[in-house]
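Trainee: Got a structure for you, written out below as structure tokens; questions coming shortly.
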Amino acid sequence: MLDLATVPTYTRAGEEKPKRARVRSGCMQCRTKRRKCDEAKPVCGRCKGKKEACQWGTRIVFREENNHGLSTLQLLPKHKTSKSIAPGGFQIQDITAEVIREQQHREEVERSALTIEPASAEHDRSPRLADEAAKHFDAAYSWETAAAVDQMLVASEVCTKIDDNCQQSLFVGNTGTANPLPVVNELSYEWSIPTALGSYDDSIFLPGSAYLDAHSTLRSHLIQEVNISSATRTRTPELPQDDRLDMSGLGDEFLNGHVPLQEFLTDEDEYALLENWVEELSPWLDKFDDQRHFQHTLPIMARSHAHLRFSILATSARQLERKERNSHTERSLALYQKAIQLVLPELHTRSTPVIASCVVLCVLEMQSSSPKAWRQHLDGCAHLIQASGINGFSGGVKQALFWCFARMDVCGGLITSMSTLIPMTHWASGLTLDDDTNLFRKTSGFSTYACYAVYLCGHVLDLSTQKLQLASHVGVSPNTSIESSERTSLSYSARWTELWGYIDDWYRHRPDEMQPIASVLTESCPFPKILYSNPAAISGNQLHHTTSILMLQHKPSSMMRSPRARSILWHARQICAISITNHHHGAWTNSIQPLWIAGQWLSNPSEQQAILDVLERIEKETGWGTKWRVKDLKTFWGNRDHKTIVSSGPS
């Protein structure tokens, strides 16, 4: 068949005339009616003459190399057409929620950049800062690895980078006593830790939902409060509250002060929620705290601080909704909004009850949001904790709050293959790794030793940001000299060796309370049964084995394996054995990511089924979503013969 598009045109002199490309950039009216458009804007000549509305398209062109919403597994295959071979089947991927969420986060970044204003002229934003923010935005896309694209909420991390970039500008010339926030490096190098293969929505935090609106209000005020108060020596308390706080995300009924909580919260309901907090939720959060501050201290503190009371009630209500698979979230939403409404005017105090409310609300959001969006739900609270100067040795309630948040921070880092939101230099003494480890060793108590395991895991995530790891995967830049590359390699090897020494030492010098009280092999279970006496030992040992797997996966090629070193397979089996044997709900909620990492090293069908069974039981008994990891494991194993888990994911 003759293709007219390929036939050249000739002038009268017989010379070939270059064919003009068909214009696809005209207005929508001309394109619809197939008329030539002069492309005059805002109204083209034809529409102006016809007195018609002139509308212009977005001129968006899809380029596969710029795709950031689909994983490489989701990309449609390129089929070669053939007369004898029928084209393969196609599967339509619905990414509507991801597109909406990304656009919403972009708009949130722009709003934050416009609303965060410094108190003096010397801190004014400039076009240069906006350009730098745009560069960070582009860099976040261009430097992502293919493995990380599937499970990272890119726009959320960009929000964090731009916010930190704004903080860097605000701190110039600041001589106040406020603790400065970290400065984001030009590029964020990621370590290839096993990532999620699927794509999951934000559950109740869907675009346009009341939950997401309330969260966005809290997050923006947390970041704004830290930025403004850190950039100025003195505050301006005379500023009216109505001018300082934007509560538009909390709904009209909250702005008017008419909160219909009575229909959601009777005296009996409040009693039941507090009982659930004391008996179920607080043991989750106190698993590394032998003084049980979340169970004993926070309920008493909540008597005189309404925002903490409603934060506790909201988190308890949400946990019951998830455990009972209740789709009616009106009660937890009303309590969540009320807690945010009450805590916003108190953020500037940075008091212990305020920080406690923010940490408790983070627990609610971790239960209910997509795991790939955890960093967005944690970064505001991370800024507040860091700016308040709280660390792992602050003592009392503050120390308990820090380690509760640190465990969520580390879990989020394991999911996204990124370093912790709170820099490791702010976790303990603020000095060297050796000084920090000595501080942990000198502190008595097995619960502190369990926190030591969290600290070491945070350093493993921090190690992932070194430039060497990226260079070893994608090649050294041509501008990088051989000497520089060798120095970087030696630096990474030295740091890996030092950190591995501390990790190995942690296991060999565990106190008695951190060691198993019984261990036995049975024919009924493919894994050994390893029993621990307390939740700190359960979760601490499991986190140690997870850390060991990650370190062994990325051991420098020049390092020789120690004869007494355990294999990755041994650590993986230990992780699974701990979760299957020990049924503490608090330890279970922290075991989902370790089970995912361990499961990728196990190929025996009975072992794989045992992992799926314990994940099903975790969600059924605690309400903490696990189905997303079940899907990831099944996809990774490539086996669809396992029993189908009927429990739902985050809802």
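Bear in mind that the values in this text are calculations on the coordinates, not laboratory data. None of the values given here were measured: they were computed from a predicted structure. All Cβ positions, even for glycine, are placed from backbone atoms using ideal geometry, and neighbour counts span all protein chains on display.
Trainee: Can you pick out the pairs among Lys398/Lys555; Lys338/Lys372; Lys323/Lys372 whose Cα atoms lie more than 32 Å from each other?
Mentor: Exceeds cut-off: Lys398/Lys555.
Trainee: A further question on this structure: Grab the beta carbon distance between Ser493 and Thr432, set R0 = 22 Å, and tell me the FRET efficiency rounded to 0.05. Please list the in-between numbers first.
Mentor: Working: r = 18 Å, r/R0 = 0.82.
Efficiency, from the Cβ-Cβ distance: 0.75.
Trainee: Where the only charges are on Cβ atoms (+1 Lys, Arg; -1 Asp, Glu), what is the dipole of region 304-404 about its Cα centre, to the nearest 20 debye? Numbers along the way, then the final one.
Mentor: Details: 11 positive and 6 negative charges, 30 e Å.
Here the size comes out at about 140 debye.
Trainee: With labels modelled as points extended 7 Å from the Cα through the Cβ direction, what inter-label distance (nm, one decimal) is found for Thr349 paired with Met28?
Mentor: It is 5.2 nm.
Trainee: Towards the positive end of the charge dipole of region 278-416, with charges on Cβ (+1 Lys, Arg; -1 Asp, Glu), say which of Gln337, Gly413, Gln319 has the farthest Cα.
Mentor: Of the listed residues, the answer is Gln337.
Trainee: Shifting gears a bit: What are the ³J(HN,Hα) values, in whole Hz, obtained from phi via the Karplus relation 6.51 cos²θ - 1.76 cosθ + 1.60 with θ = phi - 60°, for each residue of region 524-530 in sequence order, with x given for Gly and Pro?
Mentor: Those phi angles translate into 7, 10, x, 10, x, 9, 10 Hz.
Trainee: Here is a further query. Arranged by the count of other C-beta atoms within 10 angstrom, fewest first, what order do Asp512, Asp504, Asp289, Asp379 take?
Mentor: Asp512, Asp504, Asp379, Asp289
Trainee: Additional query: For Val226, Val614, what's the fewest-to-most ordering of other Cβ within 10 Å of each Cβ?
Mentor: Val614, Val226
Trainee: Can you run phi through the Karplus equation (6.51, -1.76, 1.60; θ = phi - 60°) for region 354-368 and list ³J(HN,Hα) in whole Hz, with x for Gly and Pro?
Mentor: Those phi angles translate into 5, 5, 4, 4, 5, 5, 5, 5, 4, 4, 4, 5, 5, 5, 10 Hz.
Trainee: Can you work out ³J(HN,Hα) from phi for every residue in region 629-635, in order, using Karplus 6.51 cos²θ - 1.76 cosθ + 1.60 and θ = phi - 60°, giving whole Hz and x for Gly and Pro?
Mentor: Running phi through 6.51 cos²θ - 1.76 cosθ + 1.60 with θ = phi - 60° gives 6, 4, 4, 4, 5, 4, 5 Hz.
Trainee: How much length is gained on full extension from Glu52 to Ile517, taking 0.36 nm per residue of separation minus their Cα-Cα distance?
Mentor: Details: separation 465, 0.36 × 465 = 167.40 nm, distance 8.26 nm.
That pair, Glu52 and Ile517, stretches by 159.1 nm at full extension.
Trainee: Hey, fewest Cβ within 10 Å first, where do His554, His215 land in order? Each step should come with its number before you reach the end.
Mentor: Values: His554 18, His215 26.
Going from least to most buried by this count: His554, His215.
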